[in-house]
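K.L.:
Would you mind keeping the following structure in view while I ask a few things?
Rule-based calculations on the coordinates, nothing more; no lab input. As the structure is a prediction and not an experimental result, all values here were calculated from the model. Here Cβ is always computed from backbone atoms with ideal geometry, including for glycine, and neighbour counts include all displayed protein chains.
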Amino acid sequence: MKEKDFVKEITNIDEDIAQWYTDIVLKAELADYTDTKGCIAIKPYGYEIWENIQKYADSKFKETGVKNTYFPVLIPESLLQKEKDHVEGFAPEVAWVTEAGEEKLEERLCIRPTSETIITTMYAKWLNSWRDLPFLYNQWCNVLRWEKETRPFLRSREFLWQEGHTIHETAEEAKERTLQMLNIYIDVAENLLAIPVIYGKKTEKEKFAGADETYTIEAMTYDGRALQAGTSHYFGQNFTKPFEVKFQNREGKEEYAYQTSWGISTRLIGAVIMAHGDSRGLKLPPKVAPIQVVLVPIAMHKEGVKEKAEEIYQKLNKKFRMKLDLRDQYSPGYKFNDWEMRGVPLRIEMGPRDIENGTCILVRRDTLEKITVSIDNLEEEINNLLEAIHKNMFEICKKRIAENTRVAHNFEEFTKIGEKGGFIKAMWCGNKECEEKIKELTAIKSRCIPFEQEHISDVCVCCGKKAEKMVIWGKQY
RNA sequence: UGGGGUGUAGAUCAGUUUGGAAGAUCGCUACACUUGGGAUGUAGAGGCCGCAGGUUCAAAUCCUGUCGCCCCAACCA
C-alpha cells in the first residue's frame, strides 16, 4: 500500500504544511477552535503535554531557588504607561476592560499581555534592604495579546506560559540569572522535548520591549523555518527606576535593583508538532508523550488474548504512561495508523501467535521498525527504546539544522540562499538599517547573535561596511 | 488596513448559472461477521442551506444588508 493511502485523512506535510499542522492539531485532539475568535480550547491530550513540560521546567526553576506566586490578570493603565518602550511595544495588542456591569470604570484595566509592570510595582512595596535580595518569583498563568493572525499553539490570542521575574543587588548577578534561565530553556528543549536549538542574543531591533538584552532559543521546523521557543531578558534598571524599586545597599546608599524576566509558553507544543511531525502525523518525544506505550491486542476475541493483554498492561502501567486499546469496532490496522497519527512513541502488538511463543512485537514510531521481544524482558526493552527514540528524534532535528544552515558572504548570496529556507549565517555591521533592509527585500529576520561566533568575512552582508558580529538569520513562524 | 475567495449534516463538498420534495462520500449509532498495516454486510441517527430583511404562488438558488471563516499583501514582544 502506498504511503499516501495510509495518511489519506491528513494533508501531505510536504505540499501544505500549514494545513497539515491544522489537521494534526484537530485530528490528534490536541486542541480545537472555539467561538472566541483567536482562542483555542486545549483538549486533554494536548494539555497533558503541557503538564509534563510544566512539571519538568518547574522543578528546574525551583532547583535554582525560584518560588511560585500569583499576580492579577488585570493591570491598571497607569502602571502600563510607566515604562515608555514597554507600553509602545505592547499597546497595539493589548485588550482593555472599560466597564463593569452598567458602570464605566474610572481607569481602564488591561488584560495582562505580560506582567512586568504589576509585579515590579509590588516589588517596590516589598523591597527595603540589600538583605531582602534577590526576589526570585515565577508565575504559571495565562496572558492575552490581540494577535491579528492566529494559529493554534504557535500564536493564539490567549496562551498559557510561565513568566519568571527576578530582581537582584547587582547587574552582574541579574545578568548571570538571565543566562542561567536561558540554559534551563535549552535543557527543556533538548533534553525534554528532543528539539535542538540555536541560542544567543537578540539584536536591538528584535529584543523585548523595555529590555536591555534579550536572549532566545530558536528551533527549526520541519520546513526549515525558525520558531522562537523561549526568551530570557535582562532589564538593567529600566523598570526599577520608573517603578522606584529601591533598596539600601551595603554602603547604606539608596540604589535601584537590577531585573530579569524569562518565559516559555504553550507555543512549545507547537514547536514539538512542527519540529518532529512527519507524513504520518504527530511524533511525540517520549518524555512528554501523554501515552508512551500503546498496547494493541490482535484477535481479541480469541481465548486468552484479552486477559494476557490486561495482565501486561497492569504490570507496565506502573512504570510507563500506558494505553490499552480494546476498541472492538476498529481493525488492528486502523489502530496502528491512529496511534501513529497521535504520535505515541512505542506500540506493542500482541496476538495469539505471540502469546504462544511468550513474545510480543514492539514498533517504534520514529523508525517504524518492528522488534520481536520476550515478554519477560518487556520493561527493560521499553526503557531502552524510549531512550533511543528520544536520541534519534533529537538527531533527526540536529541533522536538519546542519543541512539547512548555510553561509552567505554577500547580499546576492544571501538572497539566493534565503529562497531555500533554513538558517543563514552572515556577518552584520550592527546597524538597524541593514536589518530592516534585509527584512524588506527578503522577508528574513535576524534570529540571534550566537555566543559561539564564527568569522565568515570582514564586512556586513548588507552594506559592505566593517562587520561586528556573525548573526543567524531565518524566516520565522 | 488593502486585494481575492468561501459559508449547505460532525468533516470534505455537490446542488445556485436557468427558483419547483435537502444530496453524495467519509465519520457516527446498533447488530452480525472479522482482526498480524486503514475489513464487510444490514439497519439507523443526524440540516432554521451563516444571520436579517426583500422579490415571488414558490427561495439553498434572485436582490439588499450584515456577520463569520480562509488565502495573498502589510503589521506582529
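K.L.:
Within region A:238-325, report the GluC sites (Glu not before Pro) that DSSP leaves as loop and that have at most 10 other Cβ atoms within 10 Å.
P.N.:
Here the sparse-neighbourhood loop sites are A:Glu251, A:Glu303.
K.L.:
Out of region A:364-461, which trypsin sites (Lys or Arg not before Pro) are coil in DSSP terms and have no more than 12 other C-beta atoms within 10 Å?
P.N.:
A:Lys420
K.L.:
Sequence gap at least 6, Cα distance under 8 Å: using those rules, report the relative contact order of chain A to the nearest whole percent.
P.N.:
Across chain A, relative contact order equals 13 percent.
K.L.:
Got the relative contact order for region A:405-474 handy, in percent, Cα pairs under 8 Å and 6 or more residues apart?
P.N.:
41 percent
K.L.:
Using Cα atoms only, what is the angle between the long axis of helix A:171-187 and the major principal axis of chain A, expressed in degrees (0 to 90) to the nearest 10?
P.N.:
Once rounded, one gets 20 degrees.
K.L.:
For region A:417-447, which GluC sites (Glu not before Pro) pass both filters: DSSP loop (anything but H, G, I, E, B) and at most 16 other C-beta atoms within 10 Å?
P.N.:
Here the GluC sites (Glu not before Pro) that fit, given the DSSP loop and packing criteria, are A:Glu419.
K.L.:
Between beta-carbons, use under 12 Å as the cut-off and find the net charge around A:Glu106, counting Lys and Arg +1, Asp and Glu -1.
P.N.:
-2
K.L.:
Okay, moving on. Using the Cβ atoms and a cut-off under 14 Å, what net charge is assigned to the surroundings of A:Lys370, where Lys and Arg are +1 and Asp and Glu are -1?
P.N.:
So the surrounding residues net to -2.
K.L.:
May I pose another question? Working from Cα positions, state the angle (0 to 90°, nearest 10) between the long axis of helix A:378-403 and the longest principal axis of chain A.
P.N.:
50 degrees
K.L.:
If a/c stays under 1.5 just call it rounded; otherwise compare a/b with b/c (prolate if a/b is bigger, oblate if not). Do that for region A:405-474, with a ≥ b ≥ c from the square roots of the Cα gyration tensor eigenvalues.
P.N.:
rounded
K.L.:
What distance in nm lies between label points placed 7 Å from Cα along the C-beta direction at A:Lys205 and A:Lys62?
P.N.:
4.3 nm
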